[in-house]
Structures are given as C-alpha cells and as structure tokens.
Amino acid sequence: MPSARQESRRFLLPLRLGGLLLVLVAFVWPPFRPLALLLVLADLLLILFIRFFFRDPERAVPPDPALIVAAADGLVVSVEEMDEPDFQLGRRRRIAIFLSVFDVHINRSPIAGRVLKTLHRPGAFLDVRHADASTKNEALSWLLETAHGPVAVRQIAGLVARRIVAWAGEGDTLARGDRFGMIRFGSRTEVFLPLACPVLVKPGDRVRGAATPIARWNS
C-alpha cells in the first residue's frame, strides 16, 4: 500500500535537486554566492517542513472493539445530527475534525469494515472552517460496511489542501486504525455514525487518529 513517505518524495526530490543546483551555481559564480546561500537555507527549511508534514507515527488502537476511533488527528469542530448526503444513509451523527498544517494528515479507518463504495465530488477550496466547506469543497467519501451497519467517512480538501490521496479502494477490508489515505495540506475529515452510537467527544476536543475514541457502538 502507498505511504506518506512515498507521497513526500514528490516534493523532496525537486527540492533536493534544486538545492544541489544552487550549490553548484554558487561554486562557479562567486557574485551569486550570498543569494545562493539564502536560497539554500530556504530550501533546507522547506525540506524539513515536508518531512514534518508527512510524518506517520504508529498508534495504539484501543483494545475494546466497541470503541469507534478518530479518523484523523486534529480539532473536533462539529458534532451534530444531519442527513448523510453522499450515500443516502438517512439521519446520522456527524463528527467533523479539522486538520491544520501542523497535524498528522494520515486518515485512518474509525471502524473495522469493508469499503463498499467511494464517491469523488469536485468542488471549491474554501477554508474548511467555513460553514459551506462541507457541502461545496472537493471531497472523497467512503461507504464502509460493518457488522453494525453502514458508516460513511468523508475527506474534504481545504484552502491549502488541494489533493486528496486514497490508498485503499472499493472491496478492500480495513481494520480499525488502518491507513486509507491522506489530504495535503490542511483539511477536514468527517465521520457519519448511527444515531444510537453514544458520542465520546465534543467540539473543542483534540483527537489523535486511530488512538482517540470518538464514539462507541450501542450494544
């Protein structure tokens, strides 16, 4: 399966080549050397940021199988009841998580299940904290079949995040906490759960993907 490290190579390779070219030009053209050194420093800072952004820490998934875990790192910005819009699942509890550029951007499955369907929606790139971002922004939605019924997860691109990356696909089986994709650079992830699931988080809480319980199945 693809990984965050592989995604980062798309950015690191040109930055490294650019830095090497600047060093060579500075060596053969002394008048350019002061500016070249500043550009090399900027290049190194960008490389450090890219490596930081694409980090992918291991996470310990809670052992209780009844717990539903966060699909991403970030800040819970909304917990509300609404109609699920992509797969017509009816009334659901939506838990929305905002990911800043400083959060880990790996998306992880909140439950164990099989990917029944994915749905890509072209759209705008509003700031994901905007009230219309959930309905107007570029998004990729996932319908997961579980032992407790269907669950939907939606990846939403933001003002800076212009690329949704999927590492799984229709027919794949995911365990709780399995990586299924990421969004670059700053985004929003939403989980649509049955109304009967008790919610364990509230707006303002910070969560960690795969590690923080956000709800539980109602036995």
Check your understanding: What angle do you read, to the nearest 10 degrees and between 0 and 90, between the alpha-carbon axis of helix 33-53 and the longest principal axis of the chain?
Key -> 20
Check your understanding: In a GNM of the chain with a 10 Å cut-off on Cα contacts, which of Asp86, Asp56, Asp64 has the highest mean-square fluctuation?
Key -> Asp64
Practice item. Mind sorting out which of (1) 1.30; (2) 0.97; (3) 1.08 is the real Rg/Rh (Cα atoms, Kirkwood Rh) computed from the coordinates? Key: (3)
Review point. Which whole-number percent gives the relative contact order of the chain, counting Cα pairs below 8 Å spaced six or more residues apart?
Key: 25
Exercise for review: Taking the Cβ of Leu17 as the centre, find all other residues whose Cβ is under 15 Å away and add up their charges (Lys, Arg: +1; Asp, Glu: -1).
Suggested key: +2
Check your understanding: List the GluC sites (Glu not before Pro) in the stretch 11-100 that DSSP assigns to loop (not H, G, I, E or B) and whose Cβ has at most 11 other Cβ atoms within 10 Å. Which are they?
Key -> Glu58
Study note, to complete from the structure: Surrounding charge for Gly90, neighbours by C-beta under 9 angstrom, Lys/Arg +1, Asp/Glu -1, total 0
**Study point:** Local electrostatic count, Leu200, Cβ distance below 14 Å [Lys/Arg +1, Asp/Glu -1]
**Key:** +3
Practice item. With runs of 4+ DSSP H residues as the only contributors, calculate the mean residue ellipticity of the chain at 222 nm using -39,500 (n - 2.57) per run, divided by the residue total and rounded to the nearest 500. Key: -7500 deg cm²/dmol
**Study point:** Nonlocal amide H pairs with Ala215, under 5 Å, H built at 1.01 Å
**Key:** Ile68, Leu200
Review point. Points 7 angstrom from Cα along the Cβ direction at Arg55 and Met82: gap in nanometres?
Key: 3.1
Review point. What ³J(HN,Hα) values, in whole Hz, does the Karplus curve 6.51 cos²θ - 1.76 cosθ + 1.60 give for the stretch 170-180 when θ = phi - 60°, with x put for Gly and Pro?
Key: 4, x, 6, 9, 10, 8, 4, x, 5, 6, 10
Point to revise | Gained length - Lys202 relative to Gln6, 0.36 nm times residue gap less alpha-carbon distance | key: 67.2 nm
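We did not get these values from a lab; they are worked out from the coordinates using the rules stated. This one's a predicted model, so the numbers in the text were calculated from it and none came from an experiment. Note that each Cβ is placed from the backbone with ideal geometry, even for glycine, and that neighbours are counted across all protein chains shown.
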